[in-house]
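Report on the structure given below.
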4 protein chains.
Amino acid sequence: MANWERKEIALRTTATGHVLTAPVFRCHGRSERPLAYIQANVHGGELQGNAAILALFDLLEKESPRGSIVLVPRVNPVSANQQVGDYVAGVYDFGSGQNFNRGYVNLTGPSRGSSACYVDVDAFAAVHRDATLSEIRDGFREALHGALGAVREGSGPWGIENRLEQSLAIQEMALDADVVLDLHTGDRAPRYLYAPAGATAATRAFGFPFVLEMPARFGGALDEATFAPWNDLSEAFRRLDRTDVRRFVDGFTVELGSMNAFSMAQGVEDARRIASALRYYGVLDGEPDEPPYRIVCCDVGDYRSIYAPAAGLVDQAISPGTPVRKGDLLARMVDPSRCTTMPPRSADAVIEVRAPEDGVVLLFHAFASIPKGARLLSMMTNVRQL
Amino acid sequence: MANWERKEIALRTTATGHVLTAPVFRCHGRSERPLAYIQANVHGGELQGNAAILALFDLLEKESPRGSIVLVPRVNPVSANQQVGDYVAGVYDFGSGQNFNRGYVNLTGPSRGSSACYVDVDAFAAVHRDATLSEIRDGFREALHGALGAVREGSGPWGIENRLEQSLAIQEMALDADVVLDLHTGDRAPRYLYAPAGATAATRAFGFPFVLEMPARFGGALDEATFAPWNDLSEAFRRLDRTDVRRFVDGFTVELGSMNAFSMAQGVEDARRIASALRYYGVLDGEPDEPPYRIVCCDVGDYRSIYAPAAGLVDQAISPGTPVRKGDLLARMVDPSRCTTMPPRSADAVIEVRAPEDGVVLLFHAFASIPKGARLLSMMTNVRQL
Amino acid sequence: MANWERKEIALRTTATGHVLTAPVFRCHGRSERPLAYIQANVHGGELQGNAAILALFDLLEKESPRGSIVLVPRVNPVSANQQVGDYVAGVYDFGSGQNFNRGYVNLTGPSRGSSACYVDVDAFAAVHRDATLSEIRDGFREALHGALGAVREGSGPWGIENRLEQSLAIQEMALDADVVLDLHTGDRAPRYLYAPAGATAATRAFGFPFVLEMPARFGGALDEATFAPWNDLSEAFRRLDRTDVRRFVDGFTVELGSMNAFSMAQGVEDARRIASALRYYGVLDGEPDEPPYRIVCCDVGDYRSIYAPAAGLVDQAISPGTPVRKGDLLARMVDPSRCTTMPPRSADAVIEVRAPEDGVVLLFHAFASIPKGARLLSMMTNVRQL
Amino acid sequence: MANWERKEIALRTTATGHVLTAPVFRCHGRSERPLAYIQANVHGGELQGNAAILALFDLLEKESPRGSIVLVPRVNPVSANQQVGDYVAGVYDFGSGQNFNRGYVNLTGPSRGSSACYVDVDAFAAVHRDATLSEIRDGFREALHGALGAVREGSGPWGIENRLEQSLAIQEMALDADVVLDLHTGDRAPRYLYAPAGATAATRAFGFPFVLEMPARFGGALDEATFAPWNDLSEAFRRLDRTDVRRFVDGFTVELGSMNAFSMAQGVEDARRIASALRYYGVLDGEPDEPPYRIVCCDVGDYRSIYAPAAGLVDQAISPGTPVRKGDLLARMVDPSRCTTMPPRSADAVIEVRAPEDGVVLLFHAFASIPKGARLLSMMTNVRQL
């Protein structure tokens, strides 16, 4: 049976000196690696990942893992407690305005979070030109840890900004892993996956119906912060004509349905899919499931948003996850003040929004009353099957 | 065919001098009275009433009303524009903390909003002891208008607070009506009605499955502000042994489902039910519909809330609108940090919430992550059929 | 030397299960009574009372008190942590909209917070008609504790709302005291005092330049919740023609300057004034100071607000605390968009606000950009010397 | 006398369809150029620039300008109306989390705002290798306008996000100018200036006591968005060995004291300084004033922040604008809950913050209660005289 540890990590100290923490559960399997890092609820209103982690607890009691897993539910108490009126406004830090999933540090190049400290992959590759793969892997991870430590310590007596300290606390845990799963949700959306380009078999192991493939470019999110350095390393070796150094680490953002939905029963199903991916990575024994349907995929650059052409109430004409053809009605933007001809007619209040291209509408904005120019919906275009 | 007018009323002037307005649509039927006043969206996140009003526009084009109707969709632009992150935080005024549906003035007694100006119903009844019913009705309405005007003007050079001015703008319109419908929604709820006690036939005409009966006591909401003065008048006459002066005016809060839901198609059905009530009041021709099922009713004093016994994620065990027996499981409060025994089990994270009494769970809190002591749900107890 | 104890009380449990607490310091003097209860920072942005309490710590090390003192700085961590952008928005509870200083329970009559449980003063007086004063005092305090306990327990399995639980935690401590000081600040204001009518000598002992005298009417604030029951009791005895039962307990709201100001040095001076009042009440030895100037006083009903007659930027023409004559210029409301005649002139942007009566401008709104109808300033009228 | 025009530009349409606008005042002097663009209050709580613009109105009535000036007070009504409780939370867009002064488009390279459309300076320089300076200037401005138009139009049926549209509306006006002044304030700060490196004489003309010199690197703010393209152009020509193409356009962020301060009287003095800078640029006649004192300057890279080493209340030990030596006491971080030894002493609550280096403390955080790791203050280091 697996051996478990639990600790609390500090994420932020409030103005009154209260320390907001998250529980960290570590499941030691038959060996320490491969190691998976799974966290949930970085955005305070995206709840379902917690149900998945709880279901993974139960699943891991039934089957002893081959590798190890770190699980962190409720990883962002700062965000989860940003409650105004009835709702959790959990995407942007009330203190700094920052999207809580954009503050991670680029460990192989300068980033907004911290420009000073990073690993020069070309220099590293040059030094490790003839090293074994495991020397490269271990050495690079150590170098990344060094860079992260330098970010934390580098400011000396000037101190470190709380938003950066919060990101570092997470990144230090994630950095050790061979695969990182960041459990989010869409606004109003089906289940889908942000997956690194080239990780097709792993992506298929999840079995989610929709996939957005990301290039290995750093943009501040945890998935990118996880795999981009290893991708950079791989490319640095390729520049030295050594092609056996593949990207050793993958990171995924797993979107488990809609914001504000929470179901323990559905969490069991979500855990089953995550477990399938963990089998692919060798963290769990056994073979991953074969996806029960064809997975629809597009490049993240072909995942495009429609911004509301007019202010008003949103009457969705279709459900998120629906394939559409160019010209199909997607939503009505409704504003009764547009009824200026008497007698008033409901039709005068309506501005129709139609699909600019073929694709799949994946996500609607969370609230049905939006300003002009707010993101109304996002759709996959140039879709292909995975 | 009905004759329509449209105007804009000013509700608030922002710090930058922009005037937030609402459109007012007045449908003149074959006679001015009975007059219905219908508004929607006093709370910024409660959207569906707007769809009902738009559908009423279309319905009123098909059948010319006998009386007249004032319709005000999007009546609270202040609230509707209180958007933080993805959500509309529309219940409490960001400026004053006040619930937007608690600031109306008690016109027959002192109220928080304005203690100075109101009509003394006993004095009025004494003077009108021998008046005809229509003299009483017209005279009292005029007296109420006078009191409302005195509230507005009474502060003289000290000016008037914006939250009061906003309430007055609405109350001045509503005061003229014979029946007032304030279209709201619950948090997560089915359709239900707040109805004044004693208005059973009218209440049945709406045909909503659930009804909360209110005593004629002023608490600051528009429905109460509407009928409480007329109830007070009726009782004042009764104290003079004149029993033919019934409450001439009714007010209802109509809860059209859940916050943040908006559907034009469903609005057509909502409008059909509102039209049925308008037939009862003689604003529209014809007979009201017979409700298609038994209506479940309780006193508003028997509508009770359960406050979360522990913080956490809410896993609803039942849907809003479900009858329950004492002891039935209603929801699970889930917090993974309660897993302190290793190996962690999902069951350790759960605190069950069970029904303290028989009844109907009518409403769940809008968000599935709540602090300890937040309203988790509200349920009808001591239910009866209407 | 005084004997000290420290404990933490829980005020609220956040959605992530973190308990927000406040430290409670109890200084046992030579006897347990008279007992003073002093708290600070109920409104999150009103900081200076904390400096006063810290200075009282140092003062109490130098002189051993005769009675005892409970001191609670940072008493409202919920409010203090309601930080949005650069500021603490600390007056209204983000969760319930309620002003944090309006939720206390009326223990001798029905209140909004809890209508069920209170002490009937007339029944109590009848039973205690011939009791000694100390029997009355002790018995009544016990009865009030009973009522407060009944509020807390009365809801049984329905649970208790967090905002009420938070108020109860404070009220339970304050209820034991013979004098309660609730340390607040104004928005932009000098030091002033809300004092119960009839407590002139005590009020003078504070030596603050401005005083608002309150009638003994319950409005939800801690000072009123403290002394109103004892006032009701005194009046109940008077109705039984027993006139020796004076109001045994006083409560004050002490306004220590402006929101968001915090100075340890100024806290020493504030503590000196509070200590003077504690001498009056016999909690500290010695005589209270004689106020160094004439204290300006008015009834709280004569403390009136001017609501901004137009939106815009506020250019104060005078400082808070300035006496004015009717017609004096108080502030300019400035909005450049009012410059509609070309060439634009600054004078066209300005709307002057002048004093409607003689008095003292005590307080300006905290922010210099306000909507039309927001409270611009508050001024004392019908002032007298104390 | 100058010829004036006034128009309103639309900045955003709210969910209820209300258009938030800003007034634009254009003063045509004796010739169209040089053209100055001056705006105020991009961050909703930074008010004083409006007073400066109003005072400039009066100044421009007395002296007819040589060039022309566009003045936009209250340029960001979205931000100014983000009022929660007593305060304007005006730095971050409630809708998108974005700092309102970081969303401008990089017109000579890819930016976060819009990656698609920009001018290739090297290609432009190659084509204009032999053009006259005025051909270059006019041609480049036209090219920049083209790029900006392409950003706006490029999204076609997908629409444009409101935050980008708002930035574009401003950038389109600013792009025409020869010098741009963006009037801000610090949190709690004296007057200071962000000036482009190399603009020493212009910088001195303002006469503000403190100056932060910026490299010509794009970071999203309006000043950078203004001069960075012209700097890039100058460098592109230099790469072609043509050195007479200097940076034709300058942009400054002018910090007029503290957030939330507003004074018409002080605005007259601010306008006098701005007018001095406009004389330098030839927009007004006459010579700029000689600064009355030595100006203290540092590179913006040497302007460093101290993040609070502990949570608590901030007791400033010095005023913003004070020179300090390494080790000097700057502030005390005060938290009464740190008093854990009995008897409690105020000293136990205090953590001192001292200067890590010599320099000038320029700015304190706006609120005196801050979480651990929030920016406590910012100070200039490696200062020099200008």
- Item | For chain B, built as a Gaussian network whose Cα springs stay under 10 Å, the top-fluctuating residue of B:ASN231, B:ASN162, B:ASN41 | B:ASN162
- Task: Give the relative contact order (percent, whole number) for the stretch B:325-386; include only Cα pairs under 8 Å separated by 6+ residues.
- Result: 32 percent
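Looking at chain C only, what percent of DSSP beta bridges run antiparallel? Nearest 5 please. Write out the running numbers ahead of the final one.
Details: 46 of 72 bridges.
If we restrict to bridges inside chain C, about 65 percent are antiparallel.
Around C:GLY207, what is the net charge, scoring Lys/Arg as +1 and Asp/Glu as -1 over all other residues with Cβ under 12 Å from its Cβ? Don't jump to the answer; show the numbers that get you there.
On the way: positive: C:ARG191, C:ARG204, C:ARG272, C:ARG273, C:ARG279, C:ARG294; negative: C:GLU269, C:ASP270, C:ASP289, C:GLU290.
Once positives and negatives cancel, what remains is +2.
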- Query: Cα centroids of the stretch D:54-84 and the stretch B:1-66: how far apart, whole angstrom?
  - Reply: 39 Å
- When each of C:LYS62/D:LYS372; B:LYS7/B:LYS62; A:LYS62/B:LYS372; A:LYS326/A:LYS372; A:LYS62/B:LYS326; B:LYS7/C:LYS372 is checked by Cα-Cα distance, pairs over 24 Å: C:LYS62/D:LYS372; A:LYS62/B:LYS372; A:LYS62/B:LYS326
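Need one value for A:356-366: mean number of C-beta atoms belonging to other chains within 10 Å of its residues' C-beta atoms. Before the final figure, lay out each step's value.
Numbers: counts 5, 2, 0, 0, 0, 0, 0, 0, 0, 1, 5.
Per residue, the average neighbour count from other chains is 1.
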- Query: Going by alpha carbons, how many degrees (0 to 90, nearest 10) lie between the helix axis of D:48-62 and the longest principal axis of chain D?
  - Reply: 40 degrees
- So what is the 222 nm mean residue ellipticity for the protein assembly as shown from helices alone, if each DSSP H run of at least 4 adds -39500 (n - 2.57) and you divide by all residues, rounding to the nearest 500 deg cm²/dmol? -8500 deg cm²/dmol
- Hey, what D do you get for the stretch B:94-246 in µm²/s if you plug the Kirkwood alpha-carbon radius into Stokes-Einstein at 37 °C and 0.692 mPa s? 197 µm²/s
- Item | DSSP-loop chymotrypsin sites (Phe, Trp or Tyr not before Pro) across the stretch D:240-342, with at most 11 other Cβ within 10 angstrom | D:TYR293
- Task: Using amide H atoms built 1.01 Å from N in the peptide plane, name the residues 5+ places from D:LEU330, or on other chains, whose amide H lies under 5 Å from its own.
- Result: D:VAL353, D:ARG354, D:ALA355
- Task: With the full set of protein chains in place, find how many percent of the accessible area of the stretch D:252-386 is carbon and sulfur; take the probe as 1.4 Å.
- Result: 47 percent
- Can you pull the one-decimal nm distance between simple spin-label points at D:ASP130 and B:GLU172, each 7 Å off the Cα toward Cβ? 7.4 nm
- Query: Which value, in Å² rounded to 10, gives the accessible area of D:TRP158 with a 1.4 Å probe and all protein chains present?
  - Reply: 10 Å²
- Message: For the stretch B:283-386, what does the relative contact order come out to in percent, with C-alpha contacts under 8 Å and a separation of six or more?
- Response: 38 percent
- For chain B, calculate the relative contact order in percent as a whole number, restricting contacts to Cα pairs under 8 Å that are 6 or more residues apart. 17 percent
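Of the GluC sites (Glu not before Pro) in the stretch B:1-34, which ones lie in a loop per DSSP and count no more than 11 other C-beta atoms within 10 Å?
Here the GluC sites (Glu not before Pro) that fit, given the DSSP loop and packing criteria, are B:GLU32.
Can you give the accessible area per residue of the protein assembly as shown, in Å², using a 1.4 Å probe?
Details: 52130 Å² over 1544 residues.
Result: 34 Å² per residue.
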- Note on the structure: Scalar couplings 3J(HN,Hα) for the stretch B:377-383 by Karplus 6.51 cos²θ - 1.76 cosθ + 1.60 (θ = phi - 60°), nearest whole Hz, x for Gly and Pro, are 7, 10, 9, 6, 10, 6, 6
- Task: Enter the mean number of other protein chain beta carbons within 10 Å of the beta carbon of each residue in D:54-64, as an integer.
- Result: 3
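May I ask you to list the trypsin sites (Lys or Arg not before Pro) in the stretch C:249-315 that are in a DSSP loop and have at most 10 other Cβ atoms within 10 Å of their Cβ? List each step's numbers first, then the result.
Working: sites: C:ARG272, C:ARG273, C:ARG279, C:ARG294, C:ARG304; in loops: C:ARG294.
Here the sparse-neighbourhood loop sites are C:ARG294.
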- For A:LEU377, list long-range residues whose amide hydrogen, built 1.01 Å from N in the peptide plane, is under 5 Å from its own amide hydrogen. A:ILE306, A:HIS365
- Query: Counting only protein chains, not ligands or nucleic acids, how are B:ASP358, B:ASP138, A:ASP241 ordered by accessible area (probe 1.4 Å), most first?
  - Reply: A:ASP241, B:ASP138, B:ASP358
- Query: Which net charge results when you count Lys and Arg as +1 and Asp and Glu as -1 among the other residues whose beta-carbon is under 11 Å from that of D:ASN81?
  - Reply: +3
- Using alpha-carbon positions, what is the distance between the centroids of the stretch B:201-265 and the stretch C:123-153, in Å? 41 Å
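Partner chain Cβ atoms within 10 Å, averaged over the residues of B:324-335 - can you pull that number for me?
Taking the mean over all residues of the peptide, I get 2.
Rank-order B:181-188, B:322-329, C:147-154 by packing density, defined as the average count of other C-beta atoms within 10 Å over each peptide's residues, highest first.
Values: B:181-188: 25.6, B:322-329: 13.8, C:147-154: 16.9.
Per-residue Cβ counts within 10 Å, averaged per peptide and sorted highest first, yield B:181-188, C:147-154, B:322-329.
Starting from the Cα gyration tensor of the protein assembly as shown, take the square roots of the eigenvalues, sort them a ≥ b ≥ c, and report rounded, prolate or oblate (rounded when a/c is under 1.5, otherwise prolate if a/b is larger than b/c, else oblate). Walk me through the numbers on the way to the answer.
Working: a/c = 1.29, a/b = 1.22, b/c = 1.06.
Rounded, since a/c falls under 1.5.
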- Item | Spatial separation of Cα centroids for the stretch D:291-310 and the stretch D:161-193, in angstrom | 21 Å
- Message: Taking R0 as 35 Å, what FRET efficiency do you get between C:LEU240 and B:ASP299 from their Cβ-Cβ distance, rounded to the nearest 0.05?
- Response: 0.40
- Message: Given a 10 angstrom Cα cut-off, can you work out which residue in D:ALA123, D:ALA225, D:ALA55 is the most mobile in a GNM of chain D?
- Response: D:ALA123
- Item | Residue among D:ASP176, D:ASP289, D:ASP270 with the largest mean-square fluctuation in a Gaussian network model of chain D, springs linking Cα atoms under 10 Å | D:ASP289
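The values are calculated or read from the model by the stated rules, or taken from the named source; none is laboratory data. All values derive from a computational prediction rather than experimental measurement. Here the Cβ is made from the backbone with ideal geometry for all residues, glycine too, and neighbour counts use every protein chain on show. To get the accessible areas, we keep the full protein, side chains included, count just its heavy atoms, and leave off ligands, DNA and RNA. Shrake-Rupley method; radii C 1.70, N 1.55, O 1.52, S 1.80 Å.
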